[in-house]
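Working notes, beginning with the structure itself.
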Ligand SMILES: Nc1ncnc2c1ncn2[C@@H]1O[C@H](COP(=O)(O)OP(=O)(O)O)[C@@H](O)[C@H]1O
Ligand SMILES: [Mg+2]
């Protein structure tokens, strides 16, 4: 089976080398857990090996995302600039927040820019546009079925109301998507520790450990084999 290495240090080791190709994975976490950083680095690492990526943002403006990521990943700022310039990393806001519009933007970029990786930030924003949870569920299932027909591998960001592991609840995305990576910000007395777990990943074996990670200037580092204290 073909895999797409995320390029994120440590994460691929938890996934037997990478995310199975053409699968769609939820990045689920509370505010500030690093969802945007994970998604962005996934695309940047792809861009650097000749696999163009599209970051579809529904929340922050594209310029803000790029600025934030250049500051977050200061050691990669030149590479970010280059990838943006040559359009191997594209950050854009769809014209409206409908699933049709997201699908259209994605299809266009696959055709025009040979996009192979995508991030949707976030499905929670799309949900907010629906009058009811039931209608959202119906549409999102159709949308993910459509995603399956597209030749790309994606991360779909899902906002959690909590970053505490004990308090997470299952969202529709947990059921419908091929994989789920949960990001936590864990309370440890007077500090917080970031940790993640691969909750599910269809098509591959994977680690089930809760492992610490850090967002560093040169990229995210997942400390596989280390315990969270
Ligand atoms: N320049 C920076 N240097 C170090 N840490 C940063 C920097 N900018 C943001 N952060 C940290 O990263 C977090 C935001 O990461 P982000 O990937 O945007 O999270 P999310 O998308 O889950 O909200 C901030 O809350 C902050 O802790
Ligand atoms: Mg974000």
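Descriptive notes on the structure:
- Residue check for residue 54: more than 13 Å from residue 196 (Cβ to Cβ), touching a strand residue (DSSP E or B) at 6+ places or on another chain (Cβ under 8 Å) and within 14 Å of ligand 2 (Cβ to nearest atom): no
- Checked against (1) within 16 Å of ligand 2 (Cβ to nearest atom); (2) closer than 30 Å to residue 142 by Cα; (3) touching a strand residue (DSSP E or B) at 6+ places or on another chain (Cβ under 8 Å); (4) without any contact (Cβ under 8 Å) to a residue 40 or more places away in the chain, residue 66 passes all but condition (2).
- Those residues of segment 149-173 which are in contact with a helix residue (DSSP H, G or I) (Cβ under 8 Å, 6 or more places away or on another chain) and part of a helix (DSSP H, G or I), in sequence order: 172, 173
- Considering segment 1-115, the qualifying helices (runs of 4 or more DSSP H), each wholly inside and each with 3 or more residues that are surrounded by 20 or more Cβ atoms within 10 Å (Cβ to Cβ) and more than 16 Å from ligand 1 (Cβ to nearest atom), run over 99-113.
- Scanning segment 138-164 for residues being under 27 Å from residue 4 (Cβ atoms) and more than 16 Å from ligand 2 (Cβ to nearest atom) gives a total of 15.
- Residue match in segment 174-188 (condition: in contact with a helix residue (DSSP H, G or I) (Cβ under 8 Å, 6 or more places away or on another chain), within 21 Å of residue 94 (Cα to Cα), assigned to a strand (DSSP E or B) and in contact (Cβ under 8 Å) with a residue 60 or more places away in the chain): no
- Some residue of segment 117-137 being at pLDDT below 95, away from ligand 2 (no atom under 16 Å from the Cβ), outside any helix (DSSP H, G or I) and in contact with a helix residue (DSSP H, G or I) (Cβ under 8 Å, 6 or more places away or on another chain): yes
- Against the test of being in a loop (DSSP other than H, G, I, E, B), over 24 Å from residue 56 (Cβ atoms) and at pLDDT 95 or above, the options 228, 224 yield a single qualifying residue, 224.
- Residue check for residue 146: touching a helix residue (DSSP H, G or I) at 6+ places or on another chain (Cβ under 9 Å), more than 22 Å from residue 11 (Cβ to Cβ) and in a helix (DSSP H, G or I): yes
- Count - residues of segment 210-229 that are in contact with a helix residue (DSSP H, G or I) (Cβ under 8 Å, 6 or more places away or on another chain) and closer than 13 Å to residue 165 by Cα: 2
The values are calculated or read from the model by the stated rules, or taken from the named source; none is laboratory data. Since this is a predicted model, take the numbers as computed values, not measurements. Methodologically, a virtual Cβ is constructed for each residue, glycine included, from the backbone with ideal geometry; neighbour enumeration extends over all protein chains shown.
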